[in-house]
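What follows is a set of notes on a single structure, which appears directly below.
The values are calculated or read from the model by the stated rules, or taken from the named source; none is laboratory data. Bear in mind that the values here come from a model prediction, so they are computed numbers and not experimental data. Heads up, the Cβs are rebuilt from the backbone with ideal geometry, glycines too, and the neighbour counts pull from every protein chain shown.
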Amino acid sequence: MGRKDSASRAYFSDPDRFADLVNGICFAGRQVVKGEDLSDVDPHPGKRTRDVVKKASFGMSFAIIGEESQETVDYGLPVRIMESDLADYKREVSRIRKETARKLKEKDQSVQGLSNGERLYLFPKNARIAPVVTIVLSNAEHWDGPRDLADMLELDGLPADMLSYVSGYHLNIVEIPKLTEEDTKRFRTDLKQVLDFIRLLQDREQLKRLLRENDSYRELEPEAYELMNEYANMEKFGVRGSAEERGKRSMRNALDEIFEEAREEGLNAGREEGLEKGLKEGLKEGREEGITVFILDKIEDGIAPEVIKERLIRRFHLEEDQADLYLKKYTLAGDTAVTA
């Protein structure tokens with residue numbers, strides 16, 4: 001299990017955050033599930049392992065809800081999720097069969113009228129198992145993989161009459177990079193701060209603005225900080241030390257070690273040449289720095305120039321010739337990006 005998986009598991013193990021995830025995704029933010037309505041479930045009943053699984057109580061009814069984090073696209077994900085869900089369903093059926101077998105052995109009156117089939121398979125006709133729901137949190141830049149089992153199937157040439165007999169399996173995929181500010185308002189815990197931070201990681205100007213204007217990033221719970229820390233890869237920039245070691249940590253202060261805020265640059269320039277001019281120059285310099293860091297990061301990640309160009313145009317609203325000029329300033333020498 002990778003460090004991101006470990007951080008995600010530690011974060012969503014908290015019942016209030018898990019309830020917030022369920023409410024935000026399944027109920028559009030309505031407070032239907034509470035932390036006290038959840039109980040822990042073994043995340044690996046079979047060969048498949050989930051990140052976190054909990055059993056949710058809805059009065060007399062229950063549902064088993066799992067969370068799965070996806071950093072990259074898995075083009076076989078429907079089958080993998082089916083395996084995880086099946087393990088939970090098999091566990092539910094096994095529980096009923098064991099209970100039925102016990103009652104039969106003890107000659108319990110409630111099972112005396114069972115039919116031959118019910119006795120043979122130890123599963124009464126009126127028995128019911130809890131439904132299983134899996135929420136997939138994807139941080140892939142774009143999910144172009146299958147969203148249900150049908151997307152994986154080779155159906156060309158199959159007789160039309162046969163298609164209605166083929167079962168599909170729908171995935172509940174939440175694409176974090178495509179979430180909007182309106183979407184994250186559904187969340188009531190620090191899950192909102194975590195999702196906002198992750199979705200804006202590739203847009204450093206907006207990320208700096210978020211951290212500058214939102215005081216909630218000044219002091220984060222350890223699990224929230226660690227999860228954000230893993231996604232931001234802070235150690236790559238020389239920021240070390242876990243939240244456990246330092247108590248509550250400020251993500252804003254941590255990122256100040258990486259980014260120089262454009263506003264501060266503008267104010268410094270303003271002291272010399274006038275506030276208005278300084279602010280404009282500071283903002284321009286901050287934008288230039290953001291573009292530079294963006295290009296260098298993408299080169300370091302091995303992304304092709306044409307792809308970097310496309311993302312530059314989309315991210316910074318550049319004209320095509322402007323993007324070309326920025327790209328011409330850099331060349332790739334071995335594994336090191338240098339200015340041309």
**OP:** Name every residue in the stretch 50-90 that is in a strand (DSSP E or B), surrounded by fewer than 17 Cβ atoms within 10 Å (Cβ to Cβ) and of a type in the set (Gly, Ala, Ser), in order of residue number.
**Re:** Ser57, Ser61, Ala63
Original post:
Is there a residue being part of a helix (DSSP H, G or I), without any contact (Cβ under 8 Å) to a residue 60 or more places away in the chain and either under 12 Å from Ile135 (Cα atoms) or touching a strand residue (DSSP E or B) at 6+ places or on another chain (Cβ under 8 Å) (or both) anywhere in the stretch 25-39?
Top reply: yes
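Let's see how each residue does on (1) of a type in the set (Ser, Thr, Tyr); (2) exposed (fewer than 15 other Cβ atoms within 10 Å of the Cβ); (3) farther than 22 Å from Phe62 by Cβ; (4) within 39 Å of the chain's Cα centre (by Cα):
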| site | (1), (2), (3), (4) |
| --- | --- |
| Glu92 | no, no, no, yes |
| Lys98 | no, yes, no, yes |
| Arg102 | no, yes, no, no |
| Glu106 | no, yes, yes, no |
| Gln109 | no, yes, yes, no |
| Leu120 | no, yes, yes, no |
| Ile129 | no, no, no, yes |
**OP:** Pull up the stretch 198-215, narrow it to residues that are assigned to a helix (DSSP H, G or I) and free of Cβ contacts under 8 Å to residues at least 40 places away in the same chain, then point me to the one that is nearest to Ala19 (Cα to Cα).
**Re:** Arg199
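Test of understanding: among Ala56, Ala101, which residue is modelled with pLDDT of 95 or more and more than 14 Å from Val22 (Cβ to Cβ)? It would help to see each step written out before you state the result.
Details: Ala56 fails: more than 14 Å from Val22 (Cβ to Cβ).
From the options Ala56, Ala101, the qualifying one is Ala101.
Would you mind finding the one in Lys192, Lys208, Lys178 that is touching a helix residue (DSSP H, G or I) at 6+ places or on another chain (Cβ under 9 Å), modelled with pLDDT under 85 and among the basic types (Lys, Arg)? Step through it out loud before you land on a result.
Numbers: Lys192 fails: modelled with pLDDT under 85; Lys178 fails: modelled with pLDDT under 85.
Only one candidate qualifies: Lys208.
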Original post:
Within the stretch 311-320, is there a residue that is over 21 Å from Leu201 (Cα atoms), surrounded by fewer than 17 Cβ atoms within 10 Å (Cβ to Cβ) and at pLDDT below 55?
Top reply: no
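Being touching a residue at least 60 places away in the same chain (Cβ under 8 Å) and either touching a Lys or Arg at 6+ places or on another chain (Cβ under 6 Å) or not acidic (Asp, Glu) (or both): is that true of Asn172 here? Let's see the steps before the verdict.
Values: touching a residue at least 60 places away in the same chain (Cβ under 8 Å): yes; either touching a Lys or Arg at 6+ places or on another chain (Cβ under 6 Å) or not acidic (Asp, Glu) (or both): yes.
Considered against the rule, which asks whether it is touching a residue at least 60 places away in the same chain (Cβ under 8 Å) and either touching a Lys or Arg at 6+ places or on another chain (Cβ under 6 Å) or not acidic (Asp, Glu) (or both), Asn172 comes out as yes.
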Original post:
So Tyr89 clears everything in (1) among the aromatic types (Phe, Trp, Tyr); (2) in contact with a helix residue (DSSP H, G or I) (Cβ under 7 Å, 6 or more places away or on another chain); (3) within 26 Å of Phe12 (Cβ to Cβ) except one condition, right? Which one?
Top reply: (2)
